[in-house]
Amino acid sequence: VIAKDRLIHVMVTTRTRTEELELITATDVDETDHSLDMIEAHVLLPPMSLDGDPDPVPGTGHGFLHVVLEKVSLEPRED
């Protein structure tokens, strides 16, 4: 459990930053790295409560928490 009383955003994407960690912002050409070893998982805690009220994440200095896990792999769920 990341936060039982917080909304979280989770996404899996190809790498969207340069080697210098600058965000790729091109909209006319796909410059992201689609290599299998560059798949990232992102977990974000927005700076708001479940009611939409401002609720900064303590200790972050900017109100939200963004964790990036690099070189992740996706596997089908086995039931």
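The values are calculated or read from the model by the stated rules, or taken from the named source; none is laboratory data. Only a predicted model underlies this, so the values are computations on that prediction, with no experimental measurement involved. When we count neighbours, we look across all protein chains shown, and the Cβ atoms used for this are built from the backbone with ideal geometry, even at glycine. Ligands, DNA and RNA are stripped out before the accessible areas are found, and what is left, the full protein with its side chains, is counted by its heavy atoms. Shrake-Rupley method; radii C 1.70, N 1.55, O 1.52, S 1.80 Å.
A few comments on the model shown:
- Scanning the range 1-12 for residues that are outside any loop (DSSP other than H, G, I, E, B) and exposed (fewer than 10 other Cβ atoms within 10 Å of the Cβ) yields one hit, Met11.
- Residue match in the range 32-46 (condition: free of Cβ contacts under 8 Å to residues at least 24 places away in the same chain, farther than 22 Å from Glu70 by Cβ and β-branched (Val, Ile, Thr)): no
- Within the range 13-51, the set of residues being outside any loop (DSSP other than H, G, I, E, B) and loosely packed, with under 12 Cβ neighbours inside 10 Å comprises Leu23, Leu36, Asp37.
- Residues located in the range 52-79, provided they are open to solvent by 80 Å² or more (accessible area, probe 1.4 Å), assigned to a strand (DSSP E or B) and more than 14 Å from Leu7 (Cα to Cα): Leu69, Glu70
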